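First comes the structure, then the notes that go with it.
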Amino acid sequence: MKALARGALPWLLALGVYVFADDQLALGTNALVMILLTLSVDLVLGRAGIITLGQAAFFGLGAYAAGIFALHVTDDPLLGMLVATLASGAFGALSGALILHTEGVALLMLTLAVSGLLAELANHASDWTGGSDGLQGMTIAPIFGSFRFDLFKHTAYLYALAVLFLWYLVVQSVIASPFGRSLDGIRQSPPRMRAIGTPVWWRRVAVYALSAAMAGSAGALSAQTTRFVGLTTLSVLVSGTAVVMLVLGGARQRYGAFVGATVYVVVQDYAAQLNPFHWMLLVGGLLMFTVLFLEEGLTSLPQALRRWARALYRGPAGTTAAGATGTGGATGTGGATGTGGSA
Amino acid sequence: MSEPLALSVRGLSKSFGALPVTRGVDLQLVPGARVGLIGPNGAGKTTLLNLLSGVIQPDAGEIQLGGVSVERWGPERRVRRGLARTHQINTLLGETSAQDNVAIAIAERERIAWRTFSYRRRWQACQEEARARLDEIGIGSIAQRPVRELAYGEQRLLEIAIALALRPRVLLLDEPAAGVPSGEVSVIHEALARLPSKMAILLIEHDMDLVFRFATEIVVLVQGSVLSRGSPEQTRADPRVRSAYLGRSHT
């Protein structure tokens, strides 16, 4: 029951934002899009251990696919979403099949190269993509013919939330399945998995394609809710940001992508209002704090705070008692709080 | 012979650059064979094992598993054809529980590792079999612990349990007792003695007691080629083996 409550909390919060903070729905929609993108990175990088800085390729491809589909075929959003998701998934399978023979830095470079190629292609095919001006002028029909995309993003927000929820269910089901467990094994030790008969390359291609489809959905959401697609959707910066969000929230944590992307988007928004030139400083500081002191990202902050509080409460005087009951790790991080607190 | 060989190797050769590490090795294992492979350090024992399991590809020669040529196959395909091995260097999934390490292997054997839905009942069966296999080899009590917390001897037993879970026809054991504290070696002895009698087994091992007790045939590898083969008694008595290997390590 407690687990169920904890699992439902993020979704209740998201609905709470819709009800109580409906002047923030544009920001909220953006956060939901980034959560979905980060969740796709968690699947491929966090779970399967495929080192990638190329997720923007699939995000951007999904965005352009949805935009071009809306302009040239039909403005139905759900069809557009489906087409964009399938297109990105197919491109993920294709490019993954080519590059997933490699590992480590070579793979990292290849993922960069693929997204770079796609960005260059989009820049040149300006008849289709609008080039550096971006893809503009698309209209998106009401969902099911009745829910119009309004200026205040009510529909957009709930639409993004629904798409995110569906993908969340898919991810949860995948990671609990034998397939997901084999991915976990592939991350930890590819030689071991080969030794028990796992076709490692195929599994990696499969999860890469699934993750690409997911990123494509995120791209389509971005295109449909803003009615604009820019070349930046394909940029390395998007890939990098998604990885940062994941590290911030915590890889392989159930709601790591949710926490990481939300914190990033909100901090970026507020910090940019405070100081439009140096907002990155705050994000950078937060990232460093997380990486240095929170092994499992911001999602583990509550446990860490409890641990630190306990260590502080017992203090140096209680070393005998604390040493006997507390673990070595707890006392070690306790020391870290001291420096954090005085800074 | 009417019954096909479980494993047949002919003229297997491999060089790393200009350095030949395996030179025309012939090897035959009938079902139920207990063959020990010994040789001094650098004789190419682990290279031979890597060639057999498909981690590296031979320059020349033939490897047949149950009559099928597999020398161009990758390791995972050979596993599905009935060849399993253990590793000398630890490749176990450290963050995963011992039981899941075995269950994942069983899921691969049962071809359900692709599934993302309608797997619950069969995954449960994988778990139950995994638990039974851990009990059988004597480490049932640590089934739920992550592997990196296990003692070294327990990890070696887990290696064997995983290989057995694949139900191989041919099992390659790469120094199962290496690094195991001497007090625990007897546990490995017992586990090896209980291996299914129909399984063909090739044991690479430094521990001479273990090899001579386990194997009915011993192959001596020196500088990448087979120096001698025969019963443990013959091998012990062979002066060439003594000078190449036993003499040095037993003085």
Worksheet item: B:Val30 versus A:Gln172, label points 7 Å from Cα toward the beta carbon: distance in nm?
Response: 5.8 nm
Worksheet, complete the sentence: Longest principal axis of chain A (C-alpha) makes with the long axis of helix A:154-176 (C-alpha) an angle, in degrees to the nearest 10, of 60 degrees
Worksheet item: Hey, rough spin-label estimate for B:Arg213 and A:Asp127, points 7 angstrom out along Cα→Cβ, what's it come to in nanometres?
Response: 8.0 nm
Worksheet item: Rounded to the nearest 0.05, what FRET efficiency is calculated for A:Met109 and A:Met288 with R0 set to 41 Å and r the Cβ-Cβ distance?
Response: 0.95
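Based on the Cα coordinates of region A:233-310, what is the per residue volume of their convex hull in Å³? Can you show the working numbers first?
On the way: hull volume 7.8 nm³, N = 78.
Normalising the Cα hull of region A:233-310 by residue number yields 99 Å³.
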Response to the item:
Relative to chain A, whose Cα atoms define the longest principal axis, helix A:25-41 and its Cα axis are tilted in degrees, nearest 10, by 80 degrees
Practice prompt. Could you tell me how many degrees, from 0 to 90 and to the nearest 10, lie between the Cα long axis of helix A:77-99 and the main elongation axis, the longest principal axis, of the Cα atoms of chain A?
Written response: 70 degrees
Worksheet, complete the sentence: A student asked for the Cα radius of gyration and Dmax of region B:85-157 in angstrom ought to give 12.4, 37
Discussion item. Going by Cα centres, region B:103-118 and region B:176-213 are how many Å apart?
Written reply: 30 Å
Discussion item. Using only DSSP helix segments of four residues or longer, with each worth -39500 (n - 2.57), what per-residue ellipticity at 222 nm results for chain B after dividing by its residue count and rounding to 500?
Written reply: -9500 deg cm²/dmol
Discussion item. I'd like the distance separating the alpha-carbon centroids of region A:1-32 and region B:15-65, in whole Å.
Written reply: 60 Å
Discussion item. Quick check: from the Cα gyration tensor, does region A:7-262 come out rounded (a/c under 1.5), prolate or oblate?
Written reply: oblate
Worksheet entry | Most to least packed among B:68-80, B:139-151, A:60-72 [average Cβ atoms within 10 Å] | A:60-72, B:68-80, B:139-151
Worksheet item: Where in region B:201-226 does the amide nitrogen come within less than 16 Å of the point 7 Å from the Cα of B:Arg242, taken along Cα to Cβ?
Response: none
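Calculate the all-directions average of the projected area of region B:144-235's alpha-carbon convex hull, and give it in nm².
On the way: hull surface 28.4 nm².
Directional mean of the projected Cα hull area for region B:144-235 stands at 7.1 nm².
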Worksheet, complete the sentence: In deg cm²/dmol, rounded to the nearest 500, the helical mean residue ellipticity at 222 nm of chain A, built from -39500 (n - 2.57) for every DSSP H run of length 4 or more, is -24500 deg cm²/dmol
Worksheet item: For B:Ile218, which sequence-distant residues (separation of 5 or more, or a different chain) have an amide H within less than 5 Å of its own amide H, given hydrogens modelled in the peptide plane?
Response: B:Gly36, B:Gly230, B:Ser231
Discussion item. Along its three principal axes, how long is region A:109-238 when you only count alpha carbons? Whole Å, largest extent first please.
Written reply: 54, 36, 21
Worksheet item: Size of the dipole of region A:7-262 about the Cα centre, Lys and Arg at +1 and Asp and Glu at -1 on the beta carbon, nothing else charged, in debye to 20?
Response: 980 debye
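For region A:183-278, what is the convex hull (Cα atoms) projected area averaged across all directions, in square nanometres?
Details: hull surface 32.2 nm².
Here the figure is 8.0 nm², rounded to one decimal.
Starting from region B:117-219, pick out the chymotrypsin sites (Phe, Trp or Tyr not before Pro) whose DSSP state is loop and whose Cβ has at most 15 other Cβ atoms within 10 Å. It would help to have the intermediate numbers written out before the result.
On the way: sites: B:Phe117, B:Tyr119, B:Trp123, B:Tyr152, B:Phe212, B:Phe214; in loops: B:Phe117, B:Tyr119.
For chymotrypsin sites (Phe, Trp or Tyr not before Pro) across region B:117-219 that sit outside H, G, I, E and B with at most 15 neighbouring Cβ atoms in 10 Å, the list reads B:Phe117.
Suppose R0 equals 22 Å. What FRET efficiency, 1/(1 + (r/R0)^6) with r the Cβ-Cβ distance, do B:Glu149 and B:Glu128 give to the nearest 0.05?
Values: r = 23 Å, r/R0 = 1.04.
Between B:Glu149 and B:Glu128 the formula returns 0.45.
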Worksheet, complete the sentence: Cα extents of region B:39-137 along the principal axes, largest first, in whole Å, come to 45, 29, 23
Discussion item. Stokes-Einstein diffusion coefficient for chain B at 10 °C in a medium of 1.306 mPa s, Rh from the Kirkwood formula over Cα pairs: what value in µm²/s?
Written reply: 84 µm²/s
Worksheet item: At q = 0.05, 0.08, 0.11 Å⁻¹, what is the log10 ratio I(q)/I(0) for the protein assembly as shown, with the Debye formula run over Cα points and no solvent?
Response: -0.30, -0.70, -1.07
Practice prompt. In whole angstrom, note down how far apart the Cα centers of region A:189-257 and region A:41-66 are.
Written response: 3 Å
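Readers should treat all values here as calculations from the given coordinates under stated rules, not as data from a laboratory. For clarity, every value in this text was computed on a predicted model and none was experimentally measured. Positions of Cβ are backbone-derived with ideal geometry, glycine not excepted, and every protein chain shown enters the neighbour counts.
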